[in-house]
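Readers should treat all values here as calculations from the given coordinates under stated rules, not as data from a laboratory. Computed from a prediction, not measured in an experiment: that's the story for all the values here. Heads up, the Cβs are rebuilt from the backbone with ideal geometry, glycines too, and the neighbour counts pull from every protein chain shown.
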């Protein structure tokens, strides 16, 4: 990942904003062209809401850019009344002729249709040029946290997870058919694992779960966990550095940079998390490290201690046991280049949406509205995609996901959304008369307040995920002198 300076950061933020504008513009362009085709009066075509900070009138249509970066609209006075949301029209001339319910349905549907077309074009390009996927291609457990729910249930290192709650798993980390996804979105009080255990065959194991506490009430609630990690690649765990403190246990024991950790107290070290757990749970007991140095094994006695936090509050929580060494953690991710066809990409996106929405709606799930992403969260995803290698390919994949989401969510039959307009037009066609204008205005305004309230709530979670109280700064610590000087 790149380490951008201020100028690069500003450029990337500008690119993110432009991507947002492109997505919104194409969606609203669908409404605009359909309205032109059906002969509707068009007052305004505006990206973003609020009073325009820029506007220009061409052929009777006011084009503008609002000051609230949260969407866009085409003002069509012959559709549902939207003055309270979009602002008053530029003129209040003679009454406009009514349009047919079919006209309203076509114009309302055109926005989601154009969003889907943009997703389809992006999907076709991905099909041609491929996209990178960073995957953990295993479902085998490499580490079970001591005392965790998984350990209590009987899950073991080496178990290959076949399915979770009867849903097959293929990877550890991807949004679909993965161990992480099925644990996080599981429903009910317990999680059912089907595993293949070496030498014993297929086993059915039922585990409880836990949800780690959030650092602040402003943070998102964590998702379900059971206390397992994937089997890491066969990569040596080496010491890459020592803390610059003469009292650090690693220095006192004689550990050196470049040492490869093979065993701790006779237990083979196969996972980075396993090594950290042994140190953390040592309670200060001396551990025998067997390391490989210059091709030969070396045994060293290491006594972990709790570092002392400088200027700590009297009631501050004690630090975990540490030895003052830095380790190279094996990277479990493998880069794969894939060329899914547009249908596959669409189906995968629809499945992801279905799992997300049903998890949010289910009272048996731990997933809630706070786990959704608002404009800030979506923007952050785009920003970090631009920091990675092959940003163009990654943004294309994101364009498929976000535009299909935008198309389908807008088709929900709620006021203000395109699906709401279609529903109202259908009601008018059935009743053979327009819906009461005053009732419709109140209904739409109420839904707008609800929608913006949800957006503000989700956006606050997006912000405090990175900028919560206390930040990510680590306290300044020192290692105490060993007993006896």
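Sorting 371, 192, 421 on the 10 Å Cβ count, fewest up front, what's the list?
Least crowded to most crowded, the residues run 192, 371, 421.
State the extension gain, in nm to one decimal, for the chain segment bounded by residue 102 and residue 463, taking 0.36 nm per residue of separation less the distance between their alpha-carbons.
125.8 nm
Report, in degrees rounded to the nearest 10, the 0 to 90 angle that the Cα long axis of helix 391-410 makes with the longest principal axis of the chain.
Once rounded, the angle reads 50 degrees.
Residue 53 versus residue 343, label points 7 Å from Cα toward the beta carbon: distance in nm?
4.5
Using the 10 angstrom Cβ neighbour count as an exposure proxy, how do 354, 172 rank, fewest first?
With the sparsest Cβ surroundings first, the list reads 354, 172.
Give me 131, 203 sorted ascending by neighbouring Cβ count inside 10 Å, so fewest comes first.
If I rank by nearby Cβ atoms, fewest first, I get 203, 131.
Using a ≥ b ≥ c from the Cα gyration tensor of segment 1-65 (square roots of the eigenvalues), is it rounded, prolate or oblate, where a/c under 1.5 gives rounded and otherwise the larger of a/b and b/c decides, a/b for prolate?
prolate
Nearest 500 deg cm²/dmol is fine: what mean residue ellipticity at 222 nm does the chain get from its DSSP H runs of n ≥ 4 alone, each adding -39,500 (n - 2.57), divided by its residue count?
It lands at -13000 deg cm²/dmol.
Evaluate the distance, in nm, between pseudo-label points positioned 7 Å from the Cα of residue 438 and of residue 326 along their respective Cα→Cβ axes.
7.1
Could you tell me the calculated FRET efficiency between residue 449 and residue 210, based on Cβ-Cβ distance and R0 = 51 angstrom, to the nearest 0.05?
0.90
If you find the alpha carbon centre of segment 17-50 and of segment 192-235, how far apart are they in angstrom?
46
On a C-alpha basis, how far is the centre of segment 156-181 from the centre of segment 63-77 in Å? Whole number, if you could?
44
On the first, second and third principal axes, largest extent first, how far apart are the outermost C-alpha atoms of segment 371-414 in Å?
Extents along the principal axes: 40, 19, 13 Å.
Rounded to whole Å and sorted largest first, list the principal axis extents of the Cα atoms in segment 141-230.
47, 28, 22
What do you get when you divide the Cα radius of gyration of segment 239-327 by 2.2 N^0.38 Å, with N the number of residues?
Against the compact-globule rule of thumb, the ratio is 1.11.
What full-extension length gain, to one decimal in nm, is calculated for residue 37 and residue 335 as 0.36 nm per residue of separation minus the Cα-Cα distance?
Residue separation times 0.36 nm, minus the Cα-Cα distance, leaves 102.6 nm.
For mean projected area of the Cα convex hull in nm², pick the label among (i) 30.1; (ii) 34.5; (iii) 24.1 that corresponds to the value derived from the coordinates.
(i)
List the relative contact order of segment 239-327 as a percent without decimals, with contacts defined as Cα pairs under 8 Å and 6+ residues apart.
This gives 36 percent for segment 239-327.
Quote to one decimal, in nm, the extra length available between residue 426 and residue 296 on full extension: 0.36 nm per residue of separation minus the C-alpha distance between them.
38.9 nm
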